[in-house]
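> Got a structure for you, questions after.
Bear in mind that the values in this text are calculations on the coordinates, not laboratory data. The model shown is predicted, which means the values in this text are computed figures rather than measured ones. Quick reminder, even Gly has a Cβ in these numbers, built from the backbone with ideal geometry, and neighbours come from all protein chains shown.
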Amino acid sequence: MQVKEVGSGAAQCVAREKLLVAARRREIDTVLVWRLDRWGRSVTDLLRTLQELDHLGVGFVSLTEALDLTTPAGRAMAGLLAVFAEFEREIFRERVRAGLADARQNGKRLGRPVTVALYVDQIRKLRRSGLSKSAIARRLHIGGTSVRRILK
């Protein structure tokens, strides 16, 4: 069985869960990953799944770190790498939060741009002229929900 995942997030979790189900059914012998941090989202998650795989008799190998977790030394190194990977993610989160706070403090507007607000006058004028909401949306190339929200 081969599961190829490029990317992260929900799709990765689905593929990982399918792999774990296959391991529980004894359909696989070894899980081979590109990087250890691609397997687990946190230290506790990583350790939980690695312990489950170990309990099931399924090996775990990480290519980039050259780790074979079927050995005691490999398991110890994986634990250390997982701690540092989580530390790195926490540092990244702190930097993002600090950047957002700095942007807010400097008056930068965050979030989606306010594009429909530019059409408020046109939307009301077109509605008064008798056009339907969907026709207004088509004419201005904006969403019908936006038109309804402005006319509310």
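> In the chain, how many lysine pairs have Cα atoms under 25 Å apart, counting only pairs 8 or more places apart or on different chains?
Details: Lys4/Lys18; Lys125/Lys133; Lys125/Lys152; Lys133/Lys152.
Step by step, the pairs that qualify in the chain add up to 4.
> Can you list the trypsin sites (Lys or Arg not before Pro) in region 29-74 that are in a DSSP coil and have 14 or fewer other beta carbons within 10 angstrom? Display every interim value, and only then the final one.
Working: sites: Arg35, Arg38, Arg41, Arg48; in loops: Arg35, Arg41.
When the trypsin sites (Lys or Arg not before Pro) of region 29-74 are filtered for loop state and at most 14 Cβ neighbours within 10 Å, Arg35 remain.
> Which value results for Rg/Rh of region 1-141 when Rg is the Cα radius of gyration and Rh the Kirkwood radius based on the inverse mean 1/r?
Details: Rg = 24.9 Å, Rh = 19.3 Å.
With Rh from the inverse mean 1/r over Cα pairs, Rg/Rh is 1.29.
> Ok, one more. Over the chain, what is the relative contact order in percent, taking alpha-carbon pairs closer than 8 angstrom and at least six residues apart? Please list the in-between numbers first.
Details: 112 pairs, mean separation 21.4, N = 152.
Relative contact order comes out at 14 percent.
> Under a Cβ-only charge scheme (Lys and Arg +1, Asp and Glu -1), can you give me the dipole magnitude of the chain about the Cα centre, in debye to the nearest 20? Don't skip to the answer; put the middle values down first.
Values: 29 positive and 16 negative charges, 418 e Å.
Here the size comes out at about 2000 debye.
> In region 21-103, which GluC sites (Glu not before Pro) are in a loop and have at most 11 other Cβ atoms within 10 Å, using DSSP for the loop call? Intermediate results must be reported in sequence, preceding the final value.
On the way: sites: Glu27, Glu52, Glu65, Glu86, Glu88, Glu90, Glu94; in loops: Glu27, Glu65.
Qualifying residues, ordered by number: Glu27.
> Name the residue farthest towards the positive end of the dipole of the chain from the options Leu46, Leu67, Ala137, assuming +1 on Cβ of Lys and Arg, -1 on Cβ of Asp and Glu, about the Cα centre.
The listed residue farthest towards the positive side: Ala137.
> Quickly estimate the mean residue ellipticity at 222 nm for the chain, helices only: each DSSP H run with n ≥ 4 gives -39500 (n - 2.57), and the total goes over all residues, rounded to 500.
Details: 6 runs with 88 residues, N = 152.
Only helices count here, giving -19000 deg cm²/dmol.
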